[in-house]
Amino acid sequence: MGFATVFKDDVRNAARSYVVVGVIGVFAALVSLVFIAEIDVYDAPFRAIFDASFLLFMIFPLVIAPLTYLAIAGDRSRGTIKFVLGLPNSRLEYFFAKYVSRATIAVAAVAIATGSAFLIAALFYVESPDFVRFLKFLGLSALFAMAMAGTFVTVSAMTRTRSRAMIGVFGAYFVLGPFWLGFIPVIGLDTVVDAITSALGVELAESTRQLIGVLSPSTAYLESTELIYTGVFERYRAISSIRSETDYLADRTWFAVLVMAAWATVVPLLGFLRFRSVEVG
Amino acid sequence: MTTISTDGLTRRFGDVVAVDGLTMTVEREEVYGFLGPNGAGKSTTIDMLLGFKKPSAGSATVLGEDVTKRSRAVRSRIGLLPEGYELYRNLTGRELIASAIETKGAHDDPDEILDRVGLDPDDARRAVGDYSTGMTQRAALGVALAGEPDLLILDEPSSGLDPKGIKLLRRIVRQEAERGATVFFSSHHLDQVERVCDRVGILHDGRLVAENAVDDLREELDAGATMEVDVDAVPDDLGMDDVEGVGGVTVDGTTVQVTCRRPGAKMPALRRIDDRATVEDVVIEDASLESVFEEYTAEGIDGSAEGSADATDPQRQAAEGD
């Protein structure tokens, strides 16, 4: 009973918020915009999926940050948690109901955006959209959404003020996204790894370096999207560039999916283990 | 039978001792007033009773369960109205109460509870975020009442309520006690505690400095009552010297003021005056709990005169209208 009621209340409370509706709408609009902008550029809709997946990698964590950073920290700072835990809800039920609730909203945002993109592709692209490719895009993006939502809700559970939760969530986004991928020159994971190996006087195997590189949910998501383009890598140069060329574990798409699944499950579990002993009030 | 029992319950925050060796018992079907100024440690005590905070030392049982080990079992049998909270602002009052009923596995009718706490059907179907403070407090009280709890924990329950709401609160507290529930009524509003509670514990700087029935507390401090008797003419000898329980006599014009240390002293003193003069009017004022409280804490509530006879204070207005 506890999980179901906490989940239901949280979803209803969030779904009636203009912020949630606005955020989902903006994300759907952005993805739709990518597809609309490329109507006259590419014949095949899967090429637009490729660009949309990069948008998702960069923007989506920022989109769901406002939906998640106050999931638990907000309840703690406002005292709402006393109401929920004053009822016979366990902390396990409360924590996971919050996570599943926010992840559901994030997945709903992805589903609406994908549905909108499919519709545009069906109506305006030269080639008909491949339903299976869109379905794969939806599935992988949903898993990425769950991984990021799980991470952000965990950060939220570890903080008791709004400001710390916000800093924590945006910090997590930066480290797991732009920093891990090396988006900003010098400030990247590679630089740190180089510094450490140099300090220790050791050399890192390329396979290990790539393995570390794919351990973030964001980089794992990009790696996993290779699954979408089975059989059509050669149609576009951009897509062929992401095709795996080695037998390294980091280049296996199943491993990338596994990494995202771990972030979606193990991180929230660790978050709960921390949350179960925090003091309320 | 004991509903709440604490033994040396202590909570420290660094060097600050918020609750210091609290030992108390609250019996079943009792309305227990937990009185103290802000910062006395009342909410921290409640947090420990609910398992929200861990005691630094000592122990507590609620409804026979160890609060540190069986907090959920405790919470399944209580109704809580906490202090300083926000409800989910996009849910309606009715949804919140229905959710509490569902969580407790109870079969209450949410509309009956809404009616009991005085939220009309139209308001009950509006989002809580649009409620006034008083309406929010009524909805929160409704959540606490869900599932007919064995113990009702109310932390500053009259906050934000208007005089009508305060009267309603008192009525609900009495109804709950009559039903067989124990009520733990934490407040710094003396009038409320005085009017609804069977017994009072006074907390000051984390320590329980007094615990007794309100009348007994007054008696302990010789703070019983003052009787003002208007007579046609004040006789030379009022004959009060041998009336047991009379603490002092003063005369102002044709008014005789008699301080009675215990309730039983009033009638003998009045008869003695009536033997010697024609009594025209009598006014009896019990010493307020505030005077008792000040004796124990050596300060007013919050260091101010809150709780005193302020005509604009809703607490006082509700008391007068009761």
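Checked against the criterion of being in the same structural domain as B:L145 (by TED's automatic domain parsing), touching a residue at least 60 places away in the same chain (Cβ under 8 Å), in contact with a Phe, Trp or Tyr (Cβ under 7 Å, 6 or more places away or on another chain) and among the charged types (D, E, K, R), the stretch B:65-79 has no qualifying residue. Only one entry of A:A97, A:A122, A:A111 meets the criterion of being modelled with pLDDT of 95 or more, surrounded by 21 or more Cβ atoms within 10 Å (Cβ to Cβ) and either over 20 Å from A:S240 (Cβ atoms) or under 20 Å from the mean Cα position of the chain (by Cα) (or both), and that entry is A:A97.
Taken as a whole, the stretch B:14-22 holds at least one residue that is touching a strand residue (DSSP E or B) at 6+ places or on another chain (Cβ under 8 Å), surrounded by fewer than 18 Cβ atoms within 10 Å (Cβ to Cβ) and away from every other protein chain (no Cβ under 13 Å).
Quickly run through the stretch B:78-103 and pick out the residues that are surrounded by fewer than 24 Cβ atoms within 10 Å (Cβ to Cβ) and farther than 23 Å from B:D130 by Cα. Passing the criteria: only B:E102. Under the condition of being of a type in the set (K, R) and more than 9 Å from every other protein chain (Cβ to nearest Cβ), the residues counted in the stretch B:49-89 number 2.
Scanning the stretch B:55-103 for residues that are under 22 Å from the mean Cα position of the chain (by Cα), in a loop (DSSP other than H, G, I, E, B) and farther than 24 Å from A:T5 by Cα turns up just one, B:L63. Out of the residues in the stretch B:120-154 that are farther than 17 Å from B:E83 by Cα and within 20 Å of the chain's Cα centre (by Cα), state the one that is nearest to the other protein chains (Cβ to nearest Cβ). Once the filter is applied, the top-ranked residue is B:P149.
Condition check for B:R72 on (1) surrounded by fewer than 18 Cβ atoms within 10 Å (Cβ to Cβ); (2) over 22 Å from B:E148 (Cα atoms): one failure, at (2). Can you tell me which condition B:K42 does not meet? The list is (1) surrounded by 22 or more Cβ atoms within 10 Å (Cβ to Cβ); (2) of a type in the set (D, E, K, R); (3) facing another protein chain (nearest Cβ under 7 Å), and all the others hold. Condition (3) is where B:K42 drops out. Within the stretch A:218-266, being part of a loop (DSSP other than H, G, I, E, B), under 21 Å from A:F131 (Cα atoms) and among the hydrophobic types (A, V, I, L, M, F, W, C) holds for one residue alone: A:V232. The single condition from (1) buried (at least 20 other Cβ atoms within 10 Å of the Cβ); (2) among the hydrophobic types (A, V, I, L, M, F, W, C); (3) within 22 Å of B:E95 (Cβ to Cβ) that B:I166 fails is (3).
Filter the stretch A:7-27 down to the residues that are β-branched (V, I, T) and either within 11 Å of another protein chain (Cβ to nearest Cβ) or out of contact with any Pro (no Cβ under 7 Å at 6 or more places or on another chain) (or both) and list them by number. Of everything in the stretch A:7-27, those that are β-branched (V, I, T) and either within 11 Å of another protein chain (Cβ to nearest Cβ) or out of contact with any Pro (no Cβ under 7 Å at 6 or more places or on another chain) (or both) turn out to be A:V11, A:V19, A:V20, A:V21, A:I24, A:V26. Do we find that A:D40 is loosely packed, with under 15 Cβ neighbours inside 10 Å, modelled with pLDDT of 90 or more and away from chain B (no Cβ under 14 Å) in this structure? Answer is yes for this residue. The set of residues from the stretch A:49-84 being within 11 Å of chain B (Cβ to nearest Cβ), more than 19 Å from A:P268 (Cα to Cα) and assigned to a helix (DSSP H, G or I) comprises A:S77, A:R78, A:T80, A:K82, A:F83, A:V84.
Looking across the stretch A:1-15 at every residue that is at pLDDT below 90 and over 20 Å from the mean Cα position of the chain (by Cα), the one that is surrounded by the fewest Cβ atoms within 10 Å (Cβ to Cβ) is identified as A:M1. When the residues of the stretch B:104-119 are filtered to those that are part of a helix (DSSP H, G or I) and not acidic (D, E), the one that is farthest from the chain's Cα centre (by Cα) is B:P110.
Based on this model, can you work out whether A:I196 counts as in a loop (DSSP other than H, G, I, E, B) and not hydroxyl-bearing (S, T, Y)? Answer is no for this residue. Summed over the stretch B:239-278, residues that are in a loop (DSSP other than H, G, I, E, B) and in contact with a Cys (Cβ under 8 Å, 6 or more places away or on another chain) total 1.
Criterion applied to A:S141, A:S163, A:S156 was being polar (S, T, N, Q) and surrounded by fewer than 21 Cβ atoms within 10 Å (Cβ to Cβ), and the one residue passing it is A:S163.
The values are calculated or read from the model by the stated rules, or taken from the named source; none is laboratory data. None of these values were measured; they are calculated from a predicted model. Don't worry about glycine lacking a Cβ; one is built from the backbone with ideal geometry, like all the others, and counts go over all protein chains shown.
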